[in-house]
Amino acid sequence: DTAVAEGIQKGLHSIGRKLGRLHALRVFRDKTDLAASPSLWAKLTEALDKSRYLVVVLSPNSASSEWVNKEIDYWLAHRGRNNLVLVMADGTLIWDDTHGAFNPQNSTAAPPALATPDALGTEPIYIDVSQDNPWDIQNPVFRDKLTDIAAPIHGKPKYEPASEDLREQQRFRRFRRLAITGLAVLLVTAIAAASVAFIQRREAIQQRNEAIHQRNSGIARGLVCLLYT
């Protein structure tokens, strides 16, 4: 699910970002080999403890991942059900209102931690991006869904970051147009200067050649005059 996770991370970095800032939000995404480090779990729990929100990408892959399940279980045990954002990238999610969890038999995208009775209590809102492949933030539909994720993290209603994001995109486009125009002007100026320099150099060479020719002609005339006097 790397492509989905990368798209979400880029979106959270971008949406709500002010001009001149690198990222709108700091997003931790583990990209290492989960089996490579014996201290990995300590690093993951440290990142979880420092985070205000946990965004979980749900799919059959994550449903079968021991690490994803452990992280969700840790979050629910230490932080509760608040600030848990679910994003479905693939598979199915069927809610079981009787048990307050996703149905473990029919929900192919739900890890065991979300399918345990009373795991969540009430049905959570989740963002379905399964049809948004390749999860490019330039896609307006996918970007709108990412705004649904970013808005509560920023502590704002959706229309505010959406409006801010639109203004920042327009500002960035204006800045880009100005930059391109400036580069074009510099390029034209450089070409014009090079052309003038070329013409001046050609004229200087021509003048030098004429001066040499005149000098040689004068010498030749002097020699002729010398020979005949």
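So for the stretch 14-34 (the condition being of a type in the set (Phe, Trp, Tyr), open to solvent by 60 Å² or more (accessible area, probe 1.4 Å) and part of a helix (DSSP H, G or I)), does at least one residue qualify? So that I can check it myself, show each step before the final result.
Step one: of the stretch 14-34, the residues of a type in the set (Phe, Trp, Tyr) are 28.
From what is left, the residues that are open to solvent by 60 Å² or more (accessible area, probe 1.4 Å) are 28.
Within this subset, residues satisfying the condition of being part of a helix (DSSP H, G or I) are none.
There is no residue in the stretch 14-34 that is of a type in the set (Phe, Trp, Tyr), open to solvent by 60 Å² or more (accessible area, probe 1.4 Å) and part of a helix (DSSP H, G or I).
Do the conditions hold for THR98, that is, is it farther than 26 Å from LEU12 by Cα, assigned to a loop (DSSP other than H, G, I, E, B), touching a helix residue (DSSP H, G or I) at 6+ places or on another chain (Cβ under 7 Å) and of a type in the set (S, T, N, Q)?
On the way: farther than 26 Å from LEU12 by Cα: yes; assigned to a loop (DSSP other than H, G, I, E, B): yes; touching a helix residue (DSSP H, G or I) at 6+ places or on another chain (Cβ under 7 Å): no; of a type in the set (S, T, N, Q): yes.
Answer is no for this residue.
Does ALA115 fit the bill of being without any contact (Cβ under 8 Å) to a residue 24 or more places away in the chain and crowded, with 18+ Cβ neighbours inside 10 Å? Outline the logic, then answer.
Values: without any contact (Cβ under 8 Å) to a residue 24 or more places away in the chain: yes; crowded, with 18+ Cβ neighbours inside 10 Å: yes.
Yes; evaluated as a whole, the condition is true for this residue.
Can you tell me which residue in the stretch 118-130 is surrounded by the most Cβ atoms within 10 Å (Cβ to Cβ), limited to those that are in contact with a helix residue (DSSP H, G or I) (Cβ under 9 Å, 6 or more places away or on another chain) and assigned to a strand (DSSP E or B)?
Across the stretch 118-130, the extreme among qualifying residues is ILE127.
Run down ASN133, ASN106 and say which single residue is open to solvent by 20 Å² or more (accessible area, probe 1.4 Å) and touching a residue at least 60 places away in the same chain (Cβ under 8 Å).
Numbers: ASN106 fails: touching a residue at least 60 places away in the same chain (Cβ under 8 Å).
The conditions single out ASN133.
Which one is nearest to GLY121 (Cα to Cα) among residues in the stretch 65-82 that are without any contact (Cβ under 8 Å) to a residue 24 or more places away in the chain and either open to solvent by 40 Å² or more (accessible area, probe 1.4 Å) or outside any loop (DSSP other than H, G, I, E, B) (or both)? Before you say what the answer is, go through the steps one by one.
Here is the first cut: in the stretch 65-82, the ones without any contact (Cβ under 8 Å) to a residue 24 or more places away in the chain are 66, 77, 80, 82.
Then drop every residue that is not either open to solvent by 40 Å² or more (accessible area, probe 1.4 Å) or outside any loop (DSSP other than H, G, I, E, B) (or both), which leaves 66, 77, 82.
Details: GLU66: 23, ALA77: 14, ASN82: 11 Å.
In this case the residue turns out to be ASN82.
I'm trying to understand the selection: among the residues of the stretch 49-64, which are assigned to a loop (DSSP other than H, G, I, E, B), closer than 20 Å to PRO152 by Cβ and open to solvent by less than 50 Å² (accessible area, probe 1.4 Å)?
If we filter the stretch 49-64 for residues that are assigned to a loop (DSSP other than H, G, I, E, B), which is where we start, we get 51-53, 59, 64.
Those still in the list that are closer than 20 Å to PRO152 by Cβ too: 51-53.
Result: SER51, single match.
Listed residues VAL87, VAL68; which is closer than 20 Å to ALA3 by Cβ and at pLDDT below 95? Let's see the steps before the verdict.
Working: VAL87 fails: at pLDDT below 95.
Only one candidate passes the filter, namely VAL68.
What do you reckon, is ALA3 loosely packed, with under 15 Cβ neighbours inside 10 Å and over 23 Å from LYS156 (Cα atoms)?
Values: loosely packed, with under 15 Cβ neighbours inside 10 Å: yes; over 23 Å from LYS156 (Cα atoms): yes.
So ALA3 passes the test.
Name the single residue that is nearest to ILE137 (Cα to Cα) among those in the stretch 1-49 being modelled with pLDDT of 85 or more and touching a Pro at 6+ places or on another chain (Cβ under 7 Å).
ILE15
Can you say whether PRO161 is part of a helix (DSSP H, G or I), modelled with pLDDT under 90 and open to solvent by less than 30 Å² (accessible area, probe 1.4 Å), as far as the supplied structure shows? Give the steps one after another, and end with the answer.
On the way: part of a helix (DSSP H, G or I): yes; modelled with pLDDT under 90: yes; open to solvent by less than 30 Å² (accessible area, probe 1.4 Å): yes.
Spelling it out, PRO161 is indeed part of a helix (DSSP H, G or I), modelled with pLDDT under 90 and open to solvent by less than 30 Å² (accessible area, probe 1.4 Å).
For the stretch 83-90, check the following and say yes or no: at least one residue is over 25 Å from ALA150 (Cβ atoms) and open to solvent by 70 Å² or more (accessible area, probe 1.4 Å). Give the derivation first.
Quick first cut of the stretch 83-90, residues over 25 Å from ALA150 (Cβ atoms) only: none.
No, the stretch 83-90 has no match at all.
The values are calculated or read from the model by the stated rules, or taken from the named source; none is laboratory data. Every value quoted in this text rests on a predicted model; they were computed, and no experiment measured them. Ideal geometry is used to build each Cβ from the backbone, glycine not excepted, and the neighbour counts take in all protein chains shown. Accessible surface areas use protein heavy atoms only, side chains included; no ligands, DNA or RNA. Shrake-Rupley method; radii C 1.70, N 1.55, O 1.52, S 1.80 Å.
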